[in-house]
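Novice: Sharing a structure below in structure tokens format, with a few things to ask.
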Amino acid sequence: MSDETKSSSPTAPKPAQAVTDGTVPMWLVAAFLILLFTSAWTFNERGGWFDAKVNQPFTSVGHVMAYQPRMNENPQVRLGKIVFEKACAACHDSSGIGKMGTAPPLAGSDWVVAPKPDRIIRIALYGLNGPITVSGKHYTFNTGMVALGNVFGDGLSEQEVADVLTYIRQAWGNKAGPVSVEQVQAVKKEVGKRPNFTPEELLKIADQ
């Protein structure tokens, strides 16, 4: 056969490449979902998100939130919550249960729900330093509470102090009366400028 005949002969077709299926196997999807569910359950049960033994009498975050006051019923409470999240929640926690070694609980605190708010007004305005007993339990802290009120030229305004104390006295199941800006002003006028209060000093002030 001549070279010309060879060159004109049709070439054999190349075998077609196999097409691979890109579908993820169902067993792999099922295994992933099981792993995701197991991880979420483990985190929820053992991740330290909420420990009922530590946060008694509350048994869950939902339990705490159920005791929050209704924001639409009192504008002062709504404004007070905003101030609390800005100035207080970092130490006392948004749930009001406090933080070990940092700040005592506000939820259920006998200091908070006292008939007269003169003591907690002083705490907010001037700060607090020293061990304190709250509802029968003794607490000590690494540092004292700083003054939040505008006594030394900075900090919260008189209205903000009144609002945040009103919120604290009505949140997390607390049931106490509101705090007025006039009450805050009266304490500032009576006390003037001074360092932090101690619990012993505050206990000399009538709360009835």
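Read-outs: derived from the displayed coordinates by stated rules, not from any lab. From a predicted model like this one, the values you see are computed outputs, not experimental measurements. As a convention, Cβ positions derive from the backbone with ideal geometry for all residues, glycine included, and neighbour counts pool all protein chains shown.
Novice: Which is farthest toward the positive dipole end of the stretch 75-202 among Phe141, Gly127, Gln185, measuring Cα position about the Cα centre, with Cβ charges +1 (Lys, Arg) and -1 (Asp, Glu)?
Specialist: Phe141
Novice: Sticking with this structure for a sec: Given the pairs Lys81/Lys188; Lys116/Lys193; Lys99/Lys193; Lys137/Lys188; Lys86/Lys193, which span a C-alpha to C-alpha distance of over 27 angstrom in this model?
Specialist: Details: Lys81/Lys188 23 Å; Lys116/Lys193 22 Å; Lys99/Lys193 29 Å; Lys137/Lys188 29 Å; Lys86/Lys193 24 Å.
In this structure, Lys99/Lys193; Lys137/Lys188 exceed 27 Å between Cα atoms.
Novice: For the peptides 197-206, 114-123, 162-171, what is the packing order when you average, over each peptide's residues, the other Cβ atoms within 10 Å and list the highest mean first?
Specialist: Numbers: 197-206: 14.2, 114-123: 20.0, 162-171: 25.6.
Packing proxy ranking, top to bottom: 162-171, 114-123, 197-206.
Novice: Amide H of Thr133 versus every other amide H placed in the peptide plane: which residues, excluding those fewer than 5 positions away on the same chain, fall under 5 Å?
Specialist: Distant-sequence amide H within range of Thr133: Tyr139.
Novice: Shifting gears a bit: Assuming R0 = 45 Å, can you tell me the calculated FRET efficiency for the pair Thr143 and Ala31, based on Cβ-Cβ distance, to the nearest 0.05? Can you show the working numbers first?
Specialist: Numbers: r = 50 Å, r/R0 = 1.11.
Plugging the Cβ-Cβ distance into 1/(1 + (r/R0)^6) gives 0.35.
Novice: Turning to a different aspect of this structure: Can you list residues whose amide H is under 5 Å from Cys88's amide H, if they're 5+ apart or on another chain and H is modeled 1.01 Å from N?
Specialist: Amide H to amide H, under 5 Å and 5 or more residues apart or across chains, Cys88 pairs with nothing.
Novice: Rounded, prolate or oblate, given the Cα gyration tensor of the stretch 75-202, with a/c below 1.5 counting as rounded? Before the final figure, lay out the partial values.
Specialist: Numbers: a/c = 1.39, a/b = 1.09, b/c = 1.28.
Rounded is the answer for the stretch 75-202, as its axis ratio a/c remains below 1.5.
Novice: Whole-Hz ³J(HN,Hα) for each residue in the stretch 108-118, computed from phi via Karplus 6.51 cos²θ - 1.76 cosθ + 1.60 with θ = phi - 60°, x for glycine and proline: what do you get?
Specialist: Per residue, the Karplus-derived 3J(HN,Hα) values read x, 6, 5, 5, 6, 9, 4, x, 9, x, 4 Hz.
Novice: Still on this model: Quick one: if you stick a label point 7 Å off each Cα along the C-beta vector at Lys99 and Lys86, how many nm between them?
Specialist: Once both label points are built, they end up 1.9 nm from each other.
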